[in-house]
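Worksheet: one structure, shown below.
Where a number appears in this text, it was derived from the coordinates with a stated rule and is not lab data. Everything quoted here is computed from the prediction, not taken from an experiment. All Cβ positions, glycine included, derive from the backbone under ideal geometry; neighbour counts span all protein chains shown.
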Amino acid sequence: MPRHIVCLTFDFDTQSGFIARGMTSATALSRGEFGLVGAQRILALLKAYGMRATWFVPGFTIESHPRACEAVVRDGHEVAHHSWAHVPPAQQTRAEEEADLVRANDAIAALTGRKARGYRSPSWDLSENTIDLLLAHGFIYDSSLMGADYWPYRARRVDRNADQLVARRLSALRVRPHASDRAAGT
Ligand SMILES: [Zn+2]
């Protein structure tokens with residue numbers, strides 16, 4: 001029988017994603033709280049099949065729900081970086097982004113005994129500084145980009161102006177942007 005290899009990952013955001021978007025009503029927060037219920041079920045399922053996964057956990061979740069995060073570590077799963085409070089880096093200054101990166105990594109180190117090796121941006125949205133900061137802080141991989149599914153690839157550090165990049169590529173291919181695209185500014 002062929003051996004299949006899969007990479008399972010889970011984002012353990014709890015309330016952080018809602019709070020980051022200003023959704024702080026009781027219902028929105030309860031949706032985040034349900035993450036604790038879901039995490040228990042996922043942990044039980046993974047344990048039943050003897051599988052280990054990667055959990056991307058914001059520092060907010062580690063600080064707010066320590067018992068639930070300890071259960072993730074106890075079951076042997078990797079804990080990876082998912083920001084401090086689920087604020088997309090593209091909305092932050094470089095100093096803010098780095099401060100959050102360090103703060104959340106310190107929380108992961110306190111929980112697991114080691115700093116994170118992997119990073120997934122909240123909302124998958126990298127800033128122009130993110131890759132440099134990940135390199136500076138010893139990360140091995142990022143899980144935010146979507147240029148391939150099965151194979152890892154090297155993140156480019158120069159995609160700062162997507163409009164210019166796309167225009168150059170279209171020009172090289174001798175393709176003119178569609179009129180409706182130009183009207184929409186894309
Ligand atoms: Zn998330």
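Segment LEU8..VAL102, full-extension length gain: 31.3 nm, with 0.36 nm per residue of separation and the alpha-carbon distance subtracted. Seen against the Cα atoms of the chain and their longest principal axis, helix 162-172 is set at about 50 degrees.
Annotation: amide H of SER144 within the under-5 Å range of SER121, sequence separation 5 or more or interchain, hydrogens built in the peptide plane. About its Cα centre, the dipole of the chain is roughly 660 debye, where the only charges are +1 on Lys and Arg Cβ and -1 on Asp and Glu Cβ. Estimated purely from DSSP H runs of n ≥ 4, each contributing -39500 (n - 2.57), the mean residue ellipticity at 222 nm for the chain is -14000 deg cm²/dmol once divided by its residues.
Sort the stretch 20-118 into rounded, prolate or oblate with this rule: let a ≥ b ≥ c be the square roots of the eigenvalues of the Cα gyration tensor; rounded if a/c is under 1.5, and if a/c is not under 1.5, prolate when a/b is larger than b/c, oblate otherwise.
oblate
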